[in-house]
Amino acid sequence: MNTLQSQPPTPRITFLEGRGDLPMLEITTRWSTAEISLHGAHVTHFKRHDEPPLLFLSQCSRFERTAPIRGGIPIIFPWFGKPADRPGQHGFARTRTWALKEIHAPADGPVSVRLTLPPSADLGEGQVNVEYLVHVDAALTAELIVRNNSTHPFTFENCLHTYFTVGDIHAVSVAGLQGVHYLDQPTGFTPRTETDAVIRFTGEVDRAYLNTRHAVEIRDPALGRSIRVEKTGSDSTVVWNPWIAKAKAMPDFGDDEYLRTVCVESGNVADNRVTLAPGERAALQIKLSSAPLK
């Protein structure tokens, strides 16, 4: 049977009250399905019709208006981590309700969605504009655009904190970062250089690779596929798996779920933070695709 011919000939978009009564969009194309929550403009699901889900979503995730969703693609903005002078971790974009501005769904084609972060005092009541574009077809493309409409420079960090589904973390490897300098969070952000051709997981990994625009490949023998993470407008790549102790310490993450996910995050963090002059814009884009593992 031809998989494409067996799918609906036109896109289908459904508005739903998702878990926790958080409004969401359910999208079906002839290639794939996706779900986007307006809470955090959070892509919680993407799956090609003939594959397991590409994105991982924790079964323990809290779907609450004051909490981030655990899994999928959280939007980290305007800071990364938990700076001493900032309230909370990873900024506020992932816990705000975004506005749906546009859906483009041509017959028998891909679906594009545009969302915007509503003005707030945190961003000068409209002096900094943030929008998010999601494009769904055989691959998933997401683009975060920040515009500085103020009269002063605006400095920020951003990251699309993507959780990927894997079959068994013990067999997974991540390629594309050899020779890149990184900050190692478990050892107090020690600066190091990646000497291995691939990253493997035998314990907690939490590394911010800096000054790299390389595409990264996740190789997953258990599911028989490779996942390619391509990016533009991003100088940092973060690789994370919490392993046993941190998984057990997170109330919105299952004790054994570390076995079935790895995060490869694209953004601009630490020394790669972005400063926009008045009138400037910055766009961070990722394209996520998969193929049989060779």
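The figures follow:
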item: Residues of the stretch 119-137 classified as within 20 Å of the chain's Cα centre (by Cα) and not in a strand (DSSP E or B), total; result: 1
item: Single unsatisfied condition, residue 79 versus (1) without any contact (Cβ under 8 Å) to a residue 60 or more places away in the chain; (2) part of a loop (DSSP other than H, G, I, E, B); (3) crowded, with 19+ Cβ neighbours inside 10 Å; result: (1)
item: Output for the stretch 9-43, where each listed residue is more than 20 Å from the chain's Cα centre (by Cα), closer than 20 Å to residue 109 by Cβ, touching a residue at least 24 places away in the same chain (Cβ under 8 Å) and outside any loop (DSSP other than H, G, I, E, B); result: 13
item: Sole residue being within 22 Å of residue 79 (Cβ to Cβ), loosely packed, with under 15 Cβ neighbours inside 10 Å and of a type in the set (Ser, Thr, Tyr), chosen from 190, 202; result: 190
item: Residue satisfying condition, being under 18 Å from the mean Cα position of the chain (by Cα), in a loop (DSSP other than H, G, I, E, B) and free of Cβ contacts under 8 Å to residues at least 24 places away in the same chain, within set 59, 89; result: 89
item: Residues that are surrounded by fewer than 18 Cβ atoms within 10 Å (Cβ to Cβ) and either assigned to a strand (DSSP E or B) or within 22 Å of the chain's Cα centre (by Cα) (or both), drawn from the stretch 138-150; result: 138, 141, 145, 147
item: Verdict on residue 209 being in a strand (DSSP E or B) and either surrounded by fewer than 17 Cβ atoms within 10 Å (Cβ to Cβ) or under 17 Å from the mean Cα position of the chain (by Cα) (or both); result: yes
item: Which listed residue is touching a Leu at 6+ places or on another chain (Cβ under 7 Å) and of a type in the set (A, V, I, L, M), from 286, 244; result: 286
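Listed here are the residues, each with its yes/no results for (1) of a type in the set (Val, Ile, Thr); (2) out of contact with any Leu (no Cβ under 8 Å at 6 or more places or on another chain); (3) modelled with pLDDT under 95.
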residue: 116; (1), (2), (3): yes, yes, no
residue: 134; (1), (2), (3): yes, no, no
residue: 152; (1), (2), (3): no, yes, no
residue: 166; (1), (2), (3): yes, no, no
residue: 183; (1), (2), (3): no, no, no
residue: 197; (1), (2), (3): no, yes, no
residue: 200; (1), (2), (3): no, yes, no
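For every residue, the table says whether it meets (1) free of Cβ contacts under 8 Å to residues at least 24 places away in the same chain; (2) out of contact with any strand residue (DSSP E or B) (no Cβ under 6 Å at 6 or more places or on another chain); (3) of a type in the set (Ser, Thr, Tyr); (4) closer than 21 Å to residue 133 by Cβ.
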{"site": "217", "(1), (2), (3), (4)": "no, no, no, no"}
{"site": "243", "(1), (2), (3), (4)": "no, yes, no, no"}
{"site": "253", "(1), (2), (3), (4)": "no, yes, no, no"}
{"site": "257", "(1), (2), (3), (4)": "no, yes, no, no"}
{"site": "261", "(1), (2), (3), (4)": "no, no, yes, no"}
{"site": "267", "(1), (2), (3), (4)": "no, no, no, yes"}
{"site": "281", "(1), (2), (3), (4)": "no, no, no, yes"}
{"site": "289", "(1), (2), (3), (4)": "no, no, yes, yes"}
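The values are calculated or read from the model by the stated rules, or taken from the named source; none is laboratory data. Note that the structure is a prediction, hence the values are computed from the model and not measured. Positions of Cβ are generated from backbone atoms using ideal geometry, with glycine treated the same way; all protein chains shown enter the neighbour counts.
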